[in-house]
Amino acid sequence: MGELIVGRPALRVNTAVSLPLDMVSVMSLLYRAVPGSGLDPWLVSTRRAMPGQLQHDLDLLHGFSGRLLYYMEEPIMRFDPLRDDRLDATIDDLLDFLETVPAADYGVMIESALARVHQDLGTGLAAPTGMDEHAWRRYIEPGLTTAGGEEVLRLIFDPEELKRRTIRLIRGVWDAAYQSEFERLRPRMEEAGRVARSFAGKGLTTAFGELTGNRVPSTLAAGLNKAARVTFVPSMHLGAFMSFVLYPPDVIIFFSAENVLLGSAEFAPSALDVSSNGHAPEALVQELDGHALLESLRALGDANRLRIMDLLGSGELYAQEIVGRLGIAQSAVSRHLSQLERARLVVVNPRGGMKYYAIDSERLEAVAGTLRRRASESALAAKTIVAT
């Protein structure tokens with residue numbers, strides 16, 4: 001007979017369509033929706049059209065709790081959106097609740113978000129117990145991305161203003177950016193939710209694979225030890241991404257409603273490398289090892305090869321077209337194309353007796369994503385060194 005141990009209850013796997021939770025997703029997507037991000041063009045154009053003050057609030061309240069954007073999930077999860085009587089909550093239900101939450105509780109929320117940043121970074125720092133500005137500056141520094149330290153400091157010392165700005169942001173994104181889009185797309189989200197329910201009974205791993213087309217990422221798997229319930233939530237405009245909230249005992253996994261409805265769960269993900277605990281879309285791309293990354297960078301490290309990549313950016317070309325546009329010898333173009341092909345940055349499609357070349361967008365995105373991840377980790381490490 002084996003050792004006697006205390007077991008843990010199995011995870012409950014559910015699905016839900018939730019406006020409050022969808023606001024978590026769409027706000028984080030709008031926050032990251034800048035040209036070149038690889039996100040849905042609707043998100044980029046919608047962010048660009050938002051009033052300046054609203055954009056500032058978006059960047060401020062998402063920009064001080066690290067890459068994982070912890071703060072803006074705090075007020076939404078405080079609402080308890082998965083409670084049975086709140087599954088059909090409206091934006092007014094959410095905002096009315098947030099108005100009743102004491103301002104001091106918003107101070108607790110901001111401290112909770114910052115504590116989670118420090119836990120992730122392993123700094124060992126705890127929130128200052130008093131109003132020492134120097135100590136607080138040191139504490140908030142590691143989590144700053146797009147927010148200014150002095151403005152964040154003012155919010156910490158003025159929870160009434162923090163509450164006002166938080167509610168104003170949610171109301172502003174809804175009124176100025178998302179209300180009509182949500183109402184237009186809600187039927188498709190509900191249909192995606194019905195599809196998701198057919199997978200939920202098969203367990204987390206199967207449901208995750210069927211709904212996202214990927215394996216459970218390690219960052220999510222590590223957080224499941226503290227979870228009692230996993231809820232899959234359809235969200236629009238995610239495209240090839242997924243994102244999740246780790247808020248024990250709940251885990252919320254956002255999946256692309258559109259991809260599931262189109263039957264294309266096994267899509268090729270883009271390489272926006274933003275590890276998402278909450279809102280940041282989790283880019284499930286192939287991570288390039290050192291050799292593959294170096295080979296790709298060497299292939300890009302030549303003016304003529306970069307020109308070839310620029311030419312192919314507008315669509316595939318056959319070899320002779322590339323020779324004509326570059327104005328260099330055909331043998332030289334062949335060598336450049338061979339190196340780009342070896343690095344898997346371009347693909348060759350023989351057709352009609354000619355070779356057509358096109359950018360391998362997945363590989364190029366993987367290169368960009370790997371570099372972004374390394375840059376983000378280096379920046380966070382540098383901030384941690386400064387903080388300690």
Handout entry: The lone exception for Pro142 - which of (1) over 18 Å from Leu69 (Cα atoms); (2) in a helix (DSSP H, G or I); (3) at pLDDT below 90 it fails
Key = (1)
Exercise for the section: Show the residue pairs that are 6+ apart or on different chains and have beta-carbon atoms under 9 Å apart, the first residue being within region 207-224 and at pLDDT below 80, the second being part of a helix (DSSP H, G or I). Expected result: none
Practice task
Evaluate the following for Arg305: is it modelled with pLDDT of 85 or more, surrounded by 13 or more Cβ atoms within 10 Å (Cβ to Cβ) and not in a strand (DSSP E or B)?
Solution key: yes
Exercise for the section: Among the helices (runs of 4 or more DSSP H) lying completely within region 1-86, list those that include at least 3 residues that are out of contact with any Lys or Arg (no Cβ under 9 Å at 6 or more places or on another chain) and modelled with pLDDT of 95 or more. Expected result: 19-32, 73-78
Handout entry: Ala127 being in the same structural domain as Leu54 (by TED's automatic domain parsing), touching a helix residue (DSSP H, G or I) at 6+ places or on another chain (Cβ under 7 Å) and hydrophobic (A, V, I, L, M, F, W, C)
Key = yes
Completion exercise
Among the residues of region 248-261, the number that are in a strand (DSSP E or B) and surrounded by fewer than 22 Cβ atoms within 10 Å (Cβ to Cβ) is 1
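Listed here are the residues, each with its yes/no results for (1) touching a helix residue (DSSP H, G or I) at 6+ places or on another chain (Cβ under 9 Å); (2) part of a loop (DSSP other than H, G, I, E, B); (3) within 19 Å of Tyr70 (Cβ to Cβ).
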{"position": "Leu155", "(1), (2), (3)": "yes, no, yes"}
{"position": "Leu162", "(1), (2), (3)": "yes, no, yes"}
{"position": "Trp174", "(1), (2), (3)": "yes, no, no"}
{"position": "Arg184", "(1), (2), (3)": "no, no, no"}
{"position": "Glu210", "(1), (2), (3)": "yes, no, no"}
{"position": "Asn225", "(1), (2), (3)": "no, no, yes"}
Exercise for the section: Name the one entry in Gly107, Gly63, Gly52 that is out of contact with any helix residue (DSSP H, G or I) (no Cβ under 6 Å at 6 or more places or on another chain), farther than 23 Å from Val233 by Cα and touching a residue at least 40 places away in the same chain (Cβ under 8 Å). Expected result: Gly63
Fill in the blank from the handout: Log entry, pairs with first residue in region 237-249 being under 24 Å from Ser37 (Cα atoms), second being part of a loop (DSSP other than H, G, I, E, B) and of a type in the set (D, E, K, R), beta carbons closer than 6 Å, six or more apart or on different chains, reads His237/Asp40; Gly239/Asp40
Completion exercise
Scanning region 144-195 residue by residue, those without any contact (Cβ under 8 Å) to a residue 40 or more places away in the chain and in contact with a Ser or Thr (Cβ under 8 Å, 6 or more places away or on another chain) turn out to be none
Practice task
Within region 186-222, count every residue that is surrounded by fewer than 16 Cβ atoms within 10 Å (Cβ to Cβ) and in contact with a strand residue (DSSP E or B) (Cβ under 7 Å, 6 or more places away or on another chain).
Solution key: 2
Practice task
Using the structure shown, decide if Asp120 is more than 23 Å from Leu238 (Cα to Cα), surrounded by 17 or more Cβ atoms within 10 Å (Cβ to Cβ) and either among the aliphatic types (A, V, I, L, M) or assigned by TED's automatic domain parsing to the domain that holds Met77 (or both).
Solution key: yes
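The values are calculated or read from the model by the stated rules, or taken from the named source; none is laboratory data. This structure is a prediction, so every number in the text was calculated from the model and none was measured. Neighbour counts run over all protein chains shown; Cβ positions are idealised from the backbone, glycine included.
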